[in-house]
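A.B. asks: There's a structure below that I have some questions on.
The values are calculated or read from the model by the stated rules, or taken from the named source; none is laboratory data. All of these numbers come straight from a predicted model, not from anything done at the bench. So basically every Cβ, Gly included, is an ideal-geometry build from the backbone, and we count neighbours across all protein chains shown. Only protein heavy atoms, including side chains, enter the accessible area calculation; ligands, DNA and RNA are left aside. Shrake-Rupley method; radii C 1.70, N 1.55, O 1.52, S 1.80 Å.
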Amino acid sequence: MPYQKLTGILSICRKAGKIKLGFDPMKEALEKNKVAGVLTTADISPKTYKEVCYFCQKKNVPVCQIPLTMMQFGSAVSRKAAVAAVLDKGFFDRINQLCAESDTVQPPTD
């Protein structure tokens, strides 16, 4: 199931220390040129999304909007956030691939 695969890879990414959660840590990582890609949640505010895109475009870093809410994302990475910088290209590519496989990833219904 795509939802479980996506939350699983996010959890592994966090445990490996390859993700920075939050807007300011994302900006700091971008400034240090350590970001493979940036993730945003489905319920990010339009203003924040626009700012994320602005900073990522300046550094030529891709942005992937994941089909999870902040709460769903938070349960996968142990902290609620709307923005995350992925520091490893392999992790980012796999997350991006999972998002592309399913336009709408639905959480389990039990």
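A.B. asks: Quick one: is residue 51 over 17 Å from residue 82 (Cβ atoms), at pLDDT 95 or above and of a type outside the set (Ser, Thr, Tyr)?
C.D. replies: no
A.B. asks: Among the residues of region 67-110, which ones are assigned to a loop (DSSP other than H, G, I, E, B), modelled with pLDDT under 95, of a type outside the set (Gly, Ala, Ser) and open to solvent by less than 80 Å² (accessible area, probe 1.4 Å)?
C.D. replies: 67, 68, 69, 105, 107, 108
A.B. asks: Run down 6, 30, 10, 39 and say which single residue is among the hydrophobic types (A, V, I, L, M, F, W, C), outside any loop (DSSP other than H, G, I, E, B), over 13 Å from the mean Cα position of the chain (by Cα) and surrounded by 14 or more Cβ atoms within 10 Å (Cβ to Cβ).
C.D. replies: After ruling out the rest, the residue left standing is 30.
A.B. asks: Would you be able to tell me the number of residues in region 42-57 that are open to solvent by 90 Å² or more (accessible area, probe 1.4 Å) and aromatic (Phe, Trp, Tyr)?
C.D. replies: So the answer is 1.
A.B. asks: May I pose another question? Keeping to region 82-98, report how many residues are more than 15 Å from residue 18 (Cβ to Cβ) and either in contact with a Gly (Cβ under 9 Å, 6 or more places away or on another chain) or free of Cβ contacts under 8 Å to residues at least 40 places away in the same chain (or both).
C.D. replies: Of the residues in that region, 3 qualify.
A.B. asks: Which of the residues spanning region 12-53 are within 12 Å of residue 68 (Cβ to Cβ), out of contact with any strand residue (DSSP E or B) (no Cβ under 7 Å at 6 or more places or on another chain) and not β-branched (Val, Ile, Thr)?
C.D. replies: 43
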